[in-house]
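Written out below as C-alpha cells is the structure these notes cover.
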Amino acid sequence: MGKKHKSELGRALVKQHNQQSKDNGRFQKKKVLESFTEISDIDAIIEQAQPLFPTPHRAINLDLNSGIGTSGMTPEEMRKQRKEEEALHSSSLRVPRRPPWSPDMSVEELDDNEKQAFLIWRRSLARLEENEKLVLTPFEKNLDIWRQLWRVVERSDLLVMVVDSRDPLFYRCPDLEAYAQEVDEHKRTLLLVNKADLLPASVREKWVEYFRAHNIIYIFWSAKAASETVEGKMLWSPLEADDPRRNNNPDTKIYDRDELLARLQSVAEEITQMRRNSSSSSTGPSNIQSADENVAGCSSSNNVIVGFVGYPNVGKSSTINALVGKKRTGVTSTPGKTKHFQTLIISDKLTLCDCPGLVFPSFSSSRSEMIASGVLPIDRMTEHREAVQVVADKVPRHVIEEIYKISLPKPKPYEPQSRPPLASELLSEYCASRRYVTASGLPDETRAARQILKDYIDGKLPHYEMPPGMSNVELDSVNMNGSVSYGTEDVDSKLAPDFEQVLDDLNSFDMANGLASNEVTINMSHASHHKQPQRKKDRSWRT
C-alpha cells in the first residue's frame, strides 16, 4: 500500500509540474497581432483600452424598411437624407495620422504620442456615430495594425492600393492617397485592379473612362492568372477567349508578371528622380524628414520600394507571391492572414513591402455587404440571410439557376416580374438540391449560405459593378459575355396580372394565416364559379 501511495503521489507531482510549465509557457508566449473590427467581449475591450481608450458610442442601426426612428418619412426620403448627411460628413472619415516624431524620442514617448493621436481619431468617429442619421461600418480598431500601415507608407516610394475589379470604388480609400501626399508630396498612389479576368472587355472600357476622368493611375491585373503562369499551368478564361480586343487595346489590357514589375519599377524610379530634383524636400515636420532620409538612402543605391496596401482578402499576398515567383506569404480565403508587414527583395533595384489588410471606416456599405465582399470573415456571420440577399440582388436570377442547376420560384402575378429572388427562396432551393439538412430535419441554411458566399467571392457566381453615372438600363444591356442582355423576361410577362388570380392568391394567403374562415372562403369561391343568371326586367308596360 505504501508503494502505491508513493506512485500516486509521484504522478500527481509530475502532473502539477507539467501544468505549471504549460501555464508559464502560455503567459510567456509572444502576443499575436490580431485585427479587431468589432469589439464585443469585455475582456478584449479592457485589454485594448489600457485604460486610455473609452468605449465609443455604438452606432444606431436604422432599418429603413421598418420606419422606426422616423418622423413620418418614407424609406426613399430617409435614404436621400442619409446620402446627404454622408456627403456632408465624408471629409471626417480620415485615416489616422502618425504624429510627428524624431529619432531622438524614446520608445515610451513615441508610444504615448501615437496612442494619444489614435484616441483623438477614435473620438472623432464616435461623434459621427452619435448622429442617428449616420451608420458607420465596422472598421479597424487595433492601433498596432495602423502602425503597420504608417511604416509601409513612410518606407515606400510608390504606394499600390490593391482593389477588387468587381467593385473598385468599394475597396478604394481616397483619404489614404491624401495621407501619402502629406507624408511626401512626391509619393504617388497606383490602383491595382485585381481579378480583372472576371470582367468583360466592355466593362473594363467603362472603368477606363472613369479612371481617366478622375486622374487615377490604374493597372488591370490578375494574381490568379499570374500564379498559374508561374507554376506552369494553363489558365483558360471564357471571357478572355471570346475577347479579340484583349491584345489590341492597351488600356484594357491585363498585365502579366514581367510587365507589372517593369511598370512598378519605372513609376517608382520617376518618383525618386523627382525627389532628387526637388530642393524643397529638406523642410517639413520631423517625421517627413525621417521618411525622406530613409528613402534617400534607398535611392542612393538605386533601389526603389513599392508598398502594397488595401482591404483584407483583395489579393495582396497572392500578388506578392506571383511577383516574387514563389510562395513567400501565407494565402487563405479568410481575411486577416497577414499579421505584420514584410519586405521582399525582388532585385537590386526593386523591393516590395506587403502591409496587413485594413478595414477603413466608411458610410457606403453595410455589414452584410462587407461579409459578401470577403472583407469580414464568413464563419463569424450571424445573419446569414442578409448576406445571401446581397448575392441574390447582384447576380441575375437565370445565372443562379444555370450555375446551381436549380429552379427558383417565380414572382407572384401581382409582384414585379423583374424582382430578384429572396434569400429564403434561394437557400431553400439550394438546400433541397444538395440535401443540406440539420439534425432536426430542417434545411441547413447556414451551411448553404456559407457555400453560396464563398462561390460569390471566388467568382463562381459572376457579378460586377458599373462606374457611377451609368444607368441600370446600360447595366442590363451588358452581359457577362459582353453582348447579351441580362434580362430574361418577355414583354408579355410585364402585362397586368389577371384580377381573379390576384383574388385567389389573396384568398389562399388568408387561409394560410387564419385571417378568413373556411365558410367565407367556400362561399366566395362558390359565388365566383356559380353565378346566378340575371333577372330580366319586365318591359311589357311599353306595349
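The values are calculated or read from the model by the stated rules, or taken from the named source; none is laboratory data. The structure displayed is predicted, hence computed values, not measured ones. All Cβ positions, glycine included, derive from the backbone under ideal geometry; neighbour counts span all protein chains shown. Keep in mind that these areas ignore ligands, DNA and RNA; they rest on the heavy atoms of the full protein, side chains included. Shrake-Rupley method; radii C 1.70, N 1.55, O 1.52, S 1.80 Å.
The table below gives the values:
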{"read-out": "Residues of segment 212-229 that turn out to be surrounded by fewer than 17 Cβ atoms within 10 Å (Cβ to Cβ), modelled with pLDDT of 90 or more and part of a helix (DSSP H, G or I), as a count", "value": "2"}
{"read-out": "Residue count, segment 363-389 (criterion: in contact with an Asp or Glu (Cβ under 9 Å, 6 or more places away or on another chain), open to solvent by less than 30 Å² (accessible area, probe 1.4 Å) and either at pLDDT below 85 or in a loop (DSSP other than H, G, I, E, B) (or both))", "value": "5"}
{"read-out": "Residues of segment 386-403 classified as over 17 Å from the mean Cα position of the chain (by Cα) and among the charged types (D, E, K, R), total", "value": "3"}
{"read-out": "Residue match in segment 236-251 (condition: out of contact with any Leu (no Cβ under 8 Å at 6 or more places or on another chain), open to solvent by less than 60 Å² (accessible area, probe 1.4 Å) and at pLDDT 90 or above)", "value": "no"}
{"read-out": "Unique residue being within 22 Å of ARG166 (Cα to Cα), assigned to a loop (DSSP other than H, G, I, E, B) and of a type outside the set (D, E, K, R) when the list is PRO411, PRO421", "value": "PRO421"}
{"read-out": "GLU445 being touching a residue at least 40 places away in the same chain (Cβ under 8 Å), surrounded by 16 or more Cβ atoms within 10 Å (Cβ to Cβ) and farther than 30 Å from ALA196 by Cβ", "value": "yes"}
{"read-out": "Yes/no for ARG434 being surrounded by 15 or more Cβ atoms within 10 Å (Cβ to Cβ), at pLDDT 90 or above and under 16 Å from ILE378 (Cβ atoms)", "value": "no"}
{"read-out": "Evaluation of GLY72 against (1) at pLDDT 90 or above; (2) surrounded by fewer than 16 Cβ atoms within 10 Å (Cβ to Cβ) (one fails), failing number", "value": "(1)"}
{"read-out": "Selected residue (only one of ALA439, ALA387, ALA372 is over 30 Å from ARG94 (Cβ atoms) and not acidic (Asp, Glu))", "value": "ALA439"}
{"read-out": "Failed criterion for CYS353 (all others in (1) assigned to a loop (DSSP other than H, G, I, E, B); (2) touching a Leu at 6+ places or on another chain (Cβ under 9 Å); (3) not aliphatic (A, V, I, L, M) hold)", "value": "(1)"}
{"read-out": "Qualifying position, being part of a helix (DSSP H, G or I), open to solvent by less than 40 Å² (accessible area, probe 1.4 Å) and either modelled with pLDDT of 90 or more or not aliphatic (A, V, I, L, M) (or both), among ASP292, ASP258", "value": "ASP292"}
{"read-out": "Matching residues, segment 195-211, being of a type in the set (D, E, K, R) and open to solvent by 20 Å² or more (accessible area, probe 1.4 Å)", "value": "LYS195, ASP197, GLU205, LYS206, GLU209"}
{"read-out": "Contacts under 7 angstrom Cβ, first residue in segment 212-231 being under 10 Å from ALA322 (Cα atoms) and in contact (Cβ under 8 Å) with a residue 40 or more places away in the chain, partner in a strand (DSSP E or B) and open to solvent by less than 20 Å² (accessible area, probe 1.4 Å), 6 or more apart", "value": "ALA223/ASN194"}
{"read-out": "Checklist (1) over 22 Å from the mean Cα position of the chain (by Cα); (2) farther than 21 Å from VAL267 by Cα; (3) assigned to a helix (DSSP H, G or I); (4) of a type in the set (D, E, K, R) applied to GLU182, failing item", "value": "(2)"}
{"read-out": "Segment 390-402, residues that are of a type in the set (Val, Ile, Thr), part of a helix (DSSP H, G or I) and in contact with a helix residue (DSSP H, G or I) (Cβ under 8 Å, 6 or more places away or on another chain)", "value": "VAL390, VAL391, ILE400"}
{"read-out": "Single condition VAL359 does not satisfy, out of (1) modelled with pLDDT of 85 or more; (2) within 18 Å of the chain's Cα centre (by Cα); (3) open to solvent by 10 Å² or more (accessible area, probe 1.4 Å)", "value": "(3)"}
{"read-out": "Residue within segment 145-156 that is in contact with a strand residue (DSSP E or B) (Cβ under 6 Å, 6 or more places away or on another chain), modelled with pLDDT of 80 or more, within 30 Å of THR272 (Cβ to Cβ) and open to solvent by 70 Å² or more (accessible area, probe 1.4 Å) present", "value": "yes"}
{"read-out": "Meets criteria (at negative phi, open to solvent by less than 40 Å² (accessible area, probe 1.4 Å) and in contact with a Phe, Trp or Tyr (Cβ under 6 Å, 6 or more places away or on another chain)) for ALA392", "value": "no"}
